[in-house]
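Colleague: The structure follows.
The values are calculated or read from the model by the stated rules, or taken from the named source; none is laboratory data. All values derive from a computational prediction rather than experimental measurement. Counting neighbours? That spans all protein chains shown, and the Cβs are built from the backbone with ideal geometry, glycine included.
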Amino acid sequence: MSREPSLSNIVNNTKIKAGEVVVRLRYPDLARYGVSTEEVFDTLESAFTGLEATGIIRQQETVGIVVKLRGIDTHRPEDIRRIPINTATGEVIPLDRVADVNLIHTPSTITRLNGQREITLVAEVEGSIPRVVSRLREKFSQLKIPEGYSIEFTGQFRVLTRTLYELVMVVVAAVVLIYLIMAMQFRSFLQPLMILTTIPLSLVGAAVGLFITHKGPDVSVGMGIITLVGIAVNNAIILVDYANSEIRRGSRPEEALIKASSVRLRPILMTALTTIFALIPIAIGTTTGSNIFQSFAITVIGGLLTGTLSTLLVVPVLISILNNDKN
């Protein structure tokens, strides 16, 4: 991960170690001195936490009497090695004659995810999170991971994946509702489909803009797509509705479409151009905090460029073909 230029401030919590004193009994030496393991454990307990030797009754309440060794620093292995142990012959020997005492460093905490032990590495990502994850997966695939181990990407990547899925469902639901409303308004099932062709053509421009600027999909892109769908469909509705009004007045479909394109050209261009010029400072990143909304601005600008052309060129052609087929 440190070789990935898009990652910085990588934090490995397992590097934060905690000291741990390990006492390993030597059973042959215990037998030679006639010391039982229970004796050693009781002595260690008295040194670390203390032993409750007895209790007294004070004001109808039992108070425990705890006995603890003095002068022993349980954080220092050399002091632990000097803990006195009573032998069967009455001799007092230091602990290191019957046990090995070592100080080791272990992870300060053990965390679990879904009942399994896990280690979390945290890093800051610059640029597209999905692209960084894709490159890391390619690198991790070359590692020989022991059986029972696995690598998962969570954090913002998991949130982004879930959010993008929800945004896709929202866009699909919005398109369906828009189609139903237009079908009732125009009293036609085909004209709304012609209008909805502006959506994929607008998405082409958005995809090209993101590709040129090396931006990947994120929440801002999803919000930009939703905004783009509304603007593109609105412009097409304005054009088709005016053409239908001219046809009802007796104009031929071709004449009505030409007149509608010329009359509605100014409001459609004004809507697109004012939106584009307003988003340019955010798209080029000249304002404070613009990086957060940069993908949103690029998505809308790229989509409006192709969406406006499709509204003025593609939609009239499709409507004209539809009317000719009816005739």
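Colleague: Give the residue, chosen from Thr227, Thr306, Thr275, that is within 23 Å of Leu180 (Cα to Cα) and surrounded by 15 or more Cβ atoms within 10 Å (Cβ to Cβ). It would help to see each step written out before you state the result.
Modeller: Working: Thr306 fails: within 23 Å of Leu180 (Cα to Cα); Thr275 fails: within 23 Å of Leu180 (Cα to Cα).
Result of the check over Thr227, Thr306, Thr275: Thr227.
Colleague: Go through region 182-206 and give me each residue that's of a type in the set (A, V, I, L, M, F, W, C) and surrounded by fewer than 13 Cβ atoms within 10 Å (Cβ to Cβ).
Modeller: Answer for region 182-206, where residues must be of a type in the set (A, V, I, L, M, F, W, C) and surrounded by fewer than 13 Cβ atoms within 10 Å (Cβ to Cβ): Met184, Phe189.
Colleague: Any residue at all in region 155-170 that's within 15 Å of the chain's Cα centre (by Cα) and part of a loop (DSSP other than H, G, I, E, B)?
Modeller: Yes, region 155-170 contains a residue that is within 15 Å of the chain's Cα centre (by Cα) and part of a loop (DSSP other than H, G, I, E, B).
Colleague: Further question: Could we say that Thr274 is farther than 16 Å from Gly205 by Cβ, within 40 Å of the chain's Cα centre (by Cα), in a helix (DSSP H, G or I) and hydroxyl-bearing (Ser, Thr, Tyr) here?
Modeller: In short, yes.
Colleague: Filter region 230-251 for residues that are of a type in the set (Gly, Ala, Ser) and surrounded by fewer than 20 Cβ atoms within 10 Å (Cβ to Cβ); which is farthest from Gly303 (Cα to Cα)? Explain how you work it out, then say what you get.
Modeller: Looking only at region 230-251, we keep the residues that are of a type in the set (Gly, Ala, Ser), and these are 230, 232, 236, 243, 245, 250-251.
Remaining after also requiring surrounded by fewer than 20 Cβ atoms within 10 Å (Cβ to Cβ): 230, 245, 250-251.
Values: Gly230: 11, Ser245: 28, Gly250: 35, Ser251: 32 Å.
The extreme case among them is Gly250.
Colleague: Check region 240-249 and report whether any residue there is modelled with pLDDT under 85, farther than 21 Å from Ala183 by Cα and not in a loop (DSSP other than H, G, I, E, B).
Modeller: No - not one qualifying residue is present in region 240-249.
Colleague: Can I ask one more? Only one of these conditions is not met by Glu61: (1) closer than 21 Å to Gly19 by Cβ; (2) loosely packed, with under 13 Cβ neighbours inside 10 Å; (3) acidic (Asp, Glu). Which number is it?
Modeller: Unmet condition: (1).
Colleague: What are the pairs with Cβ atoms under 6 angstrom where one residue, in region 197-217, is without any contact (Cβ under 8 Å) to a residue 12 or more places away in the chain and the other, located anywhere, is part of a loop (DSSP other than H, G, I, E, B) and surrounded by 16 or more Cβ atoms within 10 Å (Cβ to Cβ)? Sequence gap at least six, or different chains.
Modeller: Short answer, once both residue conditions are applied: none.
Colleague: Keeping to region 278-303, report how many residues are surrounded by fewer than 16 Cβ atoms within 10 Å (Cβ to Cβ) and in contact (Cβ under 8 Å) with a residue 24 or more places away in the chain.
Modeller: So the answer is 1.
Colleague: Could you list, ordered by first residue, the pairs with Cβ atoms under 6 Å in which the first is in region 255-273 and farther than 18 Å from Leu318 by Cβ and in contact (Cβ under 8 Å) with a residue 40 or more places away in the chain and the second is surrounded by 16 or more Cβ atoms within 10 Å (Cβ to Cβ) and aliphatic (A, V, I, L, M), at least 6 apart or interchain?
Modeller: So the pair list comes out as Ala272/Leu304.
Here's the yes/no breakdown for (1) over 26 Å from Ala232 (Cα atoms); (2) exposed (fewer than 12 other Cβ atoms within 10 Å of the Cβ); (3) assigned by TED's automatic domain parsing to the domain that holds Asp218; (4) among the aromatic types (Phe, Trp, Tyr):
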{"site": "Leu136", "(1), (2), (3), (4)": "yes, no, no, no"}
{"site": "Phe140", "(1), (2), (3), (4)": "yes, no, no, yes"}
{"site": "Gly148", "(1), (2), (3), (4)": "yes, yes, no, no"}
{"site": "Leu164", "(1), (2), (3), (4)": "no, no, yes, no"}
{"site": "Val168", "(1), (2), (3), (4)": "no, no, yes, no"}
{"site": "Val172", "(1), (2), (3), (4)": "no, yes, yes, no"}
{"site": "Val176", "(1), (2), (3), (4)": "no, yes, yes, no"}
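Colleague: Considering region 96-111 alone, what residues qualify as being among the polar types (S, T, N, Q) and either assigned to a loop (DSSP other than H, G, I, E, B) or at pLDDT 85 or above (or both)?
Modeller: Once the filter is applied, which keeps residues that are among the polar types (S, T, N, Q) and either assigned to a loop (DSSP other than H, G, I, E, B) or at pLDDT 85 or above (or both), region 96-111 yields Asn102, Ser108, Thr109.
Colleague: Within region 1-19, which residues are surrounded by 12 or more Cβ atoms within 10 Å (Cβ to Cβ) and touching a Ser or Thr at 6+ places or on another chain (Cβ under 7 Å)?
Modeller: Ile10, Asn13
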